[in-house]
Every structure is written in structure tokens, then in C-alpha cells.
Amino acid sequence: MSNDKPYEPVFYWELTWADKPRDYTARPPQRKESTLLMYWDLGPNGGERWHWIVNDTKLIAQGYAETHLEAARKAEAAFFQFLEQLEN
């Protein structure tokens, strides 16, 4: 049996800029230095996709996704993986 429910982000993603409707930021409460970003980007050869980034005091991870929910999932997973590495 497959799970057809869409991904529900863990963090609250808010608009980064009022005039840019496809640009979001999340600030995880677990670490005040961290910021998660996702925005609609023009890729190579004119393709469009979501770019996601996880920053702390340095770049932690980044990548691309086809949907905003996939971008949120990947960014949040990268953040939690980063937290695990800090604990070990």
C-alpha cells in the first residue's frame, strides 16, 4: 500500500521577500545559526526548478528539486543529518 499523502514540512517556511512569491526561508529552533532556503530557479538550458540550501556558519548542503515540497523535504533532511553529525 503506497502513501499518497504529500510531504508535510517540519518547519514553518515563510516568504523571504514580500515581492518574491517563490522564495522561502525556514529558521529551525534547534540551532539559531542555521537557515534553510528554497527558491524557484532558472536552471541550465532554460529549465526551471526549486533550489534548496542549508546554511549554518558555513554552507551545509544544497541541491535541486522538482517541487517545493520535495525541496523542503531535502533541505530538512540535510539539516537533521547535520545535527546528527554535530552530536557525534
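Just to be sure, is Tyr39 touching a His at 6+ places or on another chain (Cβ under 7 Å), free of Cβ contacts under 8 Å to residues at least 60 places away in the same chain and of a type in the set (Ser, Thr, Tyr)?
It is true that Tyr39 is touching a His at 6+ places or on another chain (Cβ under 7 Å), free of Cβ contacts under 8 Å to residues at least 60 places away in the same chain and of a type in the set (Ser, Thr, Tyr).
Please enumerate the residues belonging to segment 53-64 that are touching a residue at least 24 places away in the same chain (Cβ under 8 Å) and closer than 15 Å to Asp23 by Cα.
If the condition is that a residue be touching a residue at least 24 places away in the same chain (Cβ under 8 Å) and closer than 15 Å to Asp23 by Cα, then Val54 is the only one that fits.
Would you check if Pro9 is modelled with pLDDT of 95 or more, more than 11 Å from the chain's Cα centre (by Cα), under 25 Å from Glu87 (Cβ atoms) and not in a helix (DSSP H, G or I)?
Answer is no for this residue.
What's the total number of residues in segment 33-47 that are at pLDDT 95 or above and exposed (fewer than 15 other Cβ atoms within 10 Å of the Cβ)?
1
For segment 65-83, name all the residues that are exposed (fewer than 15 other Cβ atoms within 10 Å of the Cβ) and farther than 17 Å from Phe11 by Cα.
Matches in segment 65-83: Glu66 only.
In this structure, does Trp50 turn out to be among the aromatic types (Phe, Trp, Tyr) and surrounded by fewer than 16 Cβ atoms within 10 Å (Cβ to Cβ)?
When the stated conditions are applied, Trp50 does not pass them.
The values are calculated or read from the model by the stated rules, or taken from the named source; none is laboratory data. Because the structure is a prediction, the values reported are computed rather than measured. No Cβ is skipped: glycine too gets one built from the backbone with ideal geometry, and neighbour counts run over all protein chains shown.
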